[in-house]
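Taking it in order: structure first as structure tokens, then the write-up.
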Amino acid sequence: MVKYLGDYSTNPTYISNCEPVYEEFEGNFGDLSGIKSKDDLPEVAKIYLNRIEEIVKVPIKFIGTGPDREDMIIC
């Protein structure tokens, strides 16, 4: 059973008892340049972002879509 912990510690004993959980997602985001709206993202990207929000319980506010400062979706 996977248990997500809400308490994050730098204690070495605590950390040594943790095990990373990896999730794999189908598909590829492709080129996101020029996308300015979360609604315009590929479906696989939306699934990925929704899963991150679900795990961390915090809404995503900014999504980088390229290397430049302007390449950003503000949610």
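The values are calculated or read from the model by the stated rules, or taken from the named source; none is laboratory data. Just so we're clear, the structure is a prediction, and the values are computed from it rather than from any experiment. Neighbour counts run over all protein chains shown; Cβ positions are idealised from the backbone, glycine included.
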* Structure fact -> Among residues of the stretch 13-41 being exposed (fewer than 11 other Cβ atoms within 10 Å of the Cβ) and charged (D, E, K, R), the residue nearest to Ile60 (Cα to Cα) is Asp39
* Filtered residues of the stretch 53-75 (kept if without any contact (Cβ under 8 Å) to a residue 12 or more places away in the chain and within 20 Å of Gly30 (Cα to Cα)) -> Gly64, Pro67, Asp68, Arg69, Glu70, Met72
* Structure fact -> Note on the stretch 2-13: residues over 19 Å from Ile52 (Cα atoms) and either of a type in the set (A, V, I, L, M) or modelled with pLDDT under 80 (or both) are Ser9
* Asked: surrounded by fewer than 10 Cβ atoms within 10 Å (Cβ to Cβ) and among the charged types (D, E, K, R): does that describe Lys57?
  -> yes
* Does any residue of the stretch 30-39 turn out to be of a type in the set (A, V, I, L, M, F, W, C), more than 15 Å from the chain's Cα centre (by Cα) and at pLDDT below 85? -> no
